[in-house]
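One structure below.
Nothing in this text is a laboratory measurement; each read-out follows from the coordinates by a stated rule. These numbers come from a predicted model, not from an experiment. Here the Cβ is made from the backbone with ideal geometry for all residues, glycine too, and neighbour counts use every protein chain on show.
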Amino acid sequence: MRYLGLDLGTTSLGVAISDKTNMIASPLKLIKFNSEDYNTAINELMKIIKEENITSVVLGLPKNMDNSLGFASQRSLEFKKMLEANNINVILEDERLTTVEAINILKNNGINKINKSNKTDVLSAVLILESFLRKL
């Protein structure tokens, strides 16, 4: 069984995929959609899920530093419900500071102009999935 890692934003969804041994997470795709049009994101994601025969996804849950849930967390929880309505098992993974870590990784690799075209969301999805895979 392989997993997808997901980093959900208001206009994009970063997607990462595990290898067949579930030891390595790799970037897969950035799904772009209109602001908060999560149905479009779900439709695109379902194509990937079918193509890759995925049964479970790991969705980043953005928590506040005090471990409380804020607005961004509610967005992820609603997206989780939408996936579950499509018979997808969703595992929530704490994603605090993954975007900061992704930006630092890009900067440390010589990419100084950080924006969405640099796929920070996809790299964040990789970090979310790696965090989960380390626990298996």
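Residue separation times 0.36 nm, minus the C-alpha to C-alpha distance between Lys50 and Thr11: what's the value?
Additional length available on full extension: 11.8 nm.
Calculate the spin-label point distance for Ile103 paired with Asp66, positioning each point 7 Å from the Cα along the beta-carbon direction, and give it in nanometres.
Output for this residue pair reads 2.3 nm.
With +1 assigned to the C-beta of every Lys and Arg and -1 to the C-beta of every Asp and Glu, and no other charges, what is the dipole magnitude of region 44-136 about the Cα centre in debye, to the nearest 20?
Using Cβ point charges on Lys, Arg, Asp and Glu, region 44-136 gives about 200 debye.
Which of Asn109, Asn86, Asn64 ends up with the largest GNM mean-square fluctuation for the chain, with Cα atoms connected below 10 Å?
Largest GNM mean-square fluctuation: Asn109.
First select every other residue whose beta carbon is under 13 angstrom from the beta carbon of Ile48; then total the charges, Lys and Arg +1, Asp and Glu -1.
Net of charged neighbours comes to +1.
Counting pairs of alpha carbon atoms under 8 Å apart in space and at least six apart in sequence, what relative contact order in percent does region 3-133 give?
Taking the mean separation of contacting Cα pairs over the length of region 3-133, I get 35 percent.
Could you check what % of the DSSP bridge pairs in the chain are antiparallel, to the nearest 5?
55
Sequence-distant or interchain residues sharing an amide H contact under 5 Å with Ile17, placed H: which?
Result for Ile17 returns Gly5, Ser26, Leu28.
List every DSSP H helix in the chain whose Cα atoms extend 18 Å or more along the helix's own long axis and whose mean Kyte-Doolittle hydropathy is at least -0.5.
38-52, 120-133
Could you work out the helix-only [θ] at 222 nm for the chain, with each DSSP H run of four or more residues adding -39,500 (n - 2.57) and the total divided by the number of residues, to the nearest 500 deg cm²/dmol?
After summing the helix terms and dividing by the residues of the chain, the value is -12500 deg cm²/dmol.
Quick check on packing: order 45-53, 4-12 by the mean number of other C-beta atoms within 10 Å, highest mean leading.
Top to bottom by mean Cβ count within 10 Å: 4-12, 45-53.
Among Lys20/Lys107; Lys81/Lys107; Lys80/Lys107; Lys20/Lys63; Lys50/Lys107; Lys32/Lys81, which pairs are too far apart, with a Cα-Cα distance over 25 Å?
Lys20/Lys107; Lys81/Lys107; Lys80/Lys107; Lys20/Lys63; Lys50/Lys107
Starting from the Cα gyration tensor of the chain, take the square roots of the eigenvalues, sort them a ≥ b ≥ c, and report rounded, prolate or oblate (rounded when a/c is under 1.5, otherwise prolate if a/b is larger than b/c, else oblate).
Here the chain falls in the rounded category.
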